[in-house]
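The values are calculated or read from the model by the stated rules, or taken from the named source; none is laboratory data. This one's a predicted model, so the numbers in the text were calculated from it and none came from an experiment. Note: ideal-geometry Cβ built from the backbone for every residue, glycine included; neighbour counts use all protein chains shown. The accessibility values were calculated without ligands, DNA or RNA, using every heavy atom of the protein model including side chains. Shrake-Rupley method; radii C 1.70, N 1.55, O 1.52, S 1.80 Å.
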Amino acid sequence: MSATKVNPDLQRERDNCTFNVTELTNLLDGGVQKTTDRKLQEDRVLRELMSTNDVPAVYLSHKEKYEAAVKKACAMFQMIRRLQDEENAGMENYQALLGGTLGSAILGDGNPLTLHYVMFIPTIMGQGTVEQQAYWIGRAFNLSIIGTYAQTELGHGTFIRGLETTATYDPETKEFVLNSPTLTAYKWWPGGLAHTANYCIVMAQLYTQGKCYGIHPFIVQLRDEETHMPLSGIKVGEIGAKLGMNGTNNGFLGLENVRIPRDHMLMKNSKVLEDGTYVNAPSSKLTYGTMMFVRVMLCNDMCNYIAKAVTIATRYSAIRRQSQPKPNEPEPQILDYVTQQHKLFVGIASVHAFKLNADWIWNMYNNVTAEMESGDLERLPELHALSCCLKAVVTADAAENVERCRLACGGHGYMLSSNLPLTYGLVTAACTYEGENTVLLLQTARYLVKAWQQASAGNSLTPTVAYIGRVSKGRRSPPWDNTIEGIVEGFHNVAAGKIGLCVTQIEKRQKEGMSYEDAWNMTSVQLTSASEAHCRAIILGTYFNETEKLVKGVSAELKTVMLQLVDLYVVYWALNRMGDLLRFTSISERDIEQLQNWYENTLTKLRINAVGLVDAFDIRDEILSSTLGSYDGRAYERLMEEAMKSPLNAKPVNESFHKYLKPFMQGKL
Ligand SMILES: Cc1cc2nc3c(=O)[nH]c(=O)nc-3n(C[C@H](O)[C@H](O)[C@H](O)COP(=O)(O)OP(=O)(O)OC[C@H]3O[C@@H](n4cnc5c(N)ncnc54)[C@H](O)[C@@H]3O)c2cc1C
């Protein structure tokens, strides 16, 4: 770590830490070797790609930001290409450079080439025939062509069947003709579409022999490979400035009689034959695998962003002193305020909880895939339901945690140089892309309602919803048990109780004459709440169970802290959802009082290790990119150094004084 002098308050925190920080770092990385590899990779990438003398990106214009992002993205992928050649490495280099750690250190506000790697190539691999893969993948992998993925339109995002772009087969020429029949049919959002990509996977309604066969993927060339000029019939551009991710070059696309060869339709699943005959393939489960992979990656990325935010806010809270609660005593570190601990420590625990949950669902995915190969599809809907709600809850919690960390830094957290606002921009976007969160929660709710109905009919349920069976049979909930296991059980009762109420409500509304759809819509606030409760129960239970396993192999000191984090997280959520627990369990006023004390005592126990816990995330200064969170704690010096980089500080008097202020002040304007 940094050799510069460390702020004495921060140093004291490190001296007082009760566990071995490196032991925890290794555990979080997945082993000593993985930590060593990660550090080596960081050394190499940062040495080559971080330029210290650039003007801070926040002072660039929108256009300059894009141009700088393209320059860095090219340097990044040039490096990956070399590393892949030298080491014959797997996907680790891509994962690190596209994600929330190294990727966001180099391109802090998004990467215009991300979609090429995370959507264009995987879609060709998942949905292209072997011949199509052979034709496209090589060129795509070495970036001879740059692609993106265009699904969302101006008029439709969630409702895919409502997309309006058409691809009509012309058997005369053996081509598809693509059109955007209306303004709302324009593709809108795809990353890299505006000025970066020259190819694109366009999702369009397939028409052949006069019939519509629904949404299918087509590879469309957008720009000339030499001049980069848009091809005839292609109307392409940028959608404009956004809350964040201003480096991703999100674009729009209109198509006017654009002709593409028949074999540019990705035909692994369904085909259109030369004469225009449509051949429907048996539904492929492969697309499901890609989706699971993306969602798990997203959960891991969210962990990285929360870890960053909470590292910044915790270190800053250790060096920041404010107020004087006891007369004649020095101002305390703001980390000593229990309200501050309440804001920060749940963020630290969330990183652990989400990491373990992401690993757990990934293992489950691999097991279910193995079952599928032997023809057993039983757990597929369960896995789908889980991945939907987990994505929704993790991204929403990540956004909440990052924003809370920003607020925890007071005014300085509002500075872009704290890197908290930019991090929020990246995280909150994930609440919308890869499935809008409310819509995902409602998808899980459909599964839960079905599970309730199956249980009521006496059928057995798959493991993650087995608890519904117990409650749906009307057994009284057991007496409240004020332990971690008891709280997790309580959350199961809340989830099952909420699902049961939703089912009752829907049935009642239908009996009163509502259609099922209207009854569903009328009940949807409760349905999303039930879905979230189900997810909370899973997250809490998994975090507890997986930590119990993990601590068997760690030192006694680390074990104590890891279990304290579990206590904190589970009790935090119990207090946070007290209304639900009161409604659906037999928790008493006395239990609540005990929980509140337990929570406050756990905050106090964790206080001494707060800095050690965020140090264990081992996020180096270049990746944190924050004036407030650096390892040495020189927040004030860095704030001033960054302020001096503002272009407004280049001259003592700004021209506007002579042009406007002075004449105005002297009454001449
Ligand atoms: C940063 C960013 C990057 C993106 N990148 C891409 C990309 O590369 N390629 C691409 O194709 N798209 C991309 N998207 C688009 C993204 O996938 C869509 O925005 C997303 O699917 C949501 O669709 P929408 O915007 O149409 O919202 P809508 O679906 O219109 O949602 C608006 C509101 O309506 C609600 N709603 C909608 N349907 C229902 C329902 N059935 N029940 C209850 N409520 C409902 C939602 O909950 C939400 O509150 C990106 C978006 C963002 C923000």
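Here Phe491 meets each of (1) within 26 Å of Ile306 (Cα to Cα); (2) within 16 Å of the ligand (Cβ to nearest atom) with one exception, condition (2). Restricted to the range 234-266, and to residues there that are open to solvent by 30 Å² or more (accessible area, probe 1.4 Å) and part of a loop (DSSP other than H, G, I, E, B), the residue that is farthest from the ligand (Cβ to nearest atom) is Asn257.
Selection of the range 1-26 for residues being of a type outside the set (Val, Ile, Thr), in contact with a helix residue (DSSP H, G or I) (Cβ under 7 Å, 6 or more places away or on another chain) and assigned to a helix (DSSP H, G or I) yields Asp9, Leu10, Glu13, Arg14, Glu23, Leu24, Asn26. Only a single item in (1) within 16 Å of the ligand (Cβ to nearest atom); (2) at pLDDT below 95 is not met by Asn142, and it is number (1).
Take the residues of the range 134-146 that are of a type outside the set (Phe, Trp, Tyr) and not in a loop (DSSP other than H, G, I, E, B): which is most open to solvent (accessible area, probe 1.4 Å)? Ranking the qualifying residues of the range 134-146, first place goes to Ala134. When Val561, Val525, Val611 are checked against the criterion of being touching a helix residue (DSSP H, G or I) at 6+ places or on another chain (Cβ under 6 Å) and part of a helix (DSSP H, G or I), a single residue qualifies: Val611.
Within the range 425-479, the set of residues being open to solvent by 70 Å² or more (accessible area, probe 1.4 Å), more than 9 Å from the ligand (Cβ to nearest atom) and hydroxyl-bearing (Ser, Thr, Tyr) comprises Ser456, Ser460.
Taken as a whole, the condition of being of a type in the set (S, T, N, Q) and within 28 Å of Ala635 (Cβ to Cβ) applies to Thr428. Scanning the range 345-399 for residues that are of a type in the set (Ser, Thr, Tyr) and surrounded by 18 or more Cβ atoms within 10 Å (Cβ to Cβ), we see that the one that is nearest to Asp301 (Cα to Cα) is Thr395.
Which number in (1) in a helix (DSSP H, G or I); (2) over 24 Å from the mean Cα position of the chain (by Cα); (3) modelled with pLDDT of 95 or more marks the one condition that Pro652 misses? Of (1) in a helix (DSSP H, G or I); (2) over 24 Å from the mean Cα position of the chain (by Cα); (3) modelled with pLDDT of 95 or more, only one is false for Pro652: (1). If the condition is being open to solvent by 80 Å² or more (accessible area, probe 1.4 Å) and at pLDDT below 90, then the range 52-77 contributes Thr52, Asn53, Val55. Which of the residues belonging to the range 147-185 are within 12 Å of the ligand (Cβ to nearest atom), in contact with a Phe, Trp or Tyr (Cβ under 8 Å, 6 or more places away or on another chain) and in a loop (DSSP other than H, G, I, E, B)? Scanning the range 147-185 gives Gly147, Thr148, Thr152, Leu154, Gly157. On inspection, Glu517 qualifies as part of a helix (DSSP H, G or I), open to solvent by 80 Å² or more (accessible area, probe 1.4 Å) and free of Cβ contacts under 8 Å to residues at least 40 places away in the same chain. Does any residue of the range 589-608 turn out to be of a type outside the set (A, V, I, L, M, F, W, C), modelled with pLDDT of 95 or more, open to solvent by less than 90 Å² (accessible area, probe 1.4 Å) and not in a helix (DSSP H, G or I)? No - not one qualifying residue is present in the range 589-608.
Yes or no: the range 225-233 includes at least one residue that is within 16 Å of the ligand (Cβ to nearest atom), in contact (Cβ under 8 Å) with a residue 12 or more places away in the chain and not hydroxyl-bearing (Ser, Thr, Tyr). No, the range 225-233 has no match at all.
When the range 156-174 is limited to residues that are under 21 Å from Leu442 (Cα atoms) and touching a helix residue (DSSP H, G or I) at 6+ places or on another chain (Cβ under 8 Å), the one that is surrounded by the most Cβ atoms within 10 Å (Cβ to Cβ) turns out to be Leu163.
Looking only at the range 82-114, residues that are modelled with pLDDT under 85 and surrounded by 14 or more Cβ atoms within 10 Å (Cβ to Cβ) come to 12 in all.
One residue alone among Asp15, Asp9 is at pLDDT 95 or above and open to solvent by 50 Å² or more (accessible area, probe 1.4 Å), and that residue is Asp15. Applying the criterion of being assigned to a strand (DSSP E or B) and β-branched (Val, Ile, Thr) to the residues of the range 188-218, the residue that is farthest from the ligand (Cβ to nearest atom) is Thr208.
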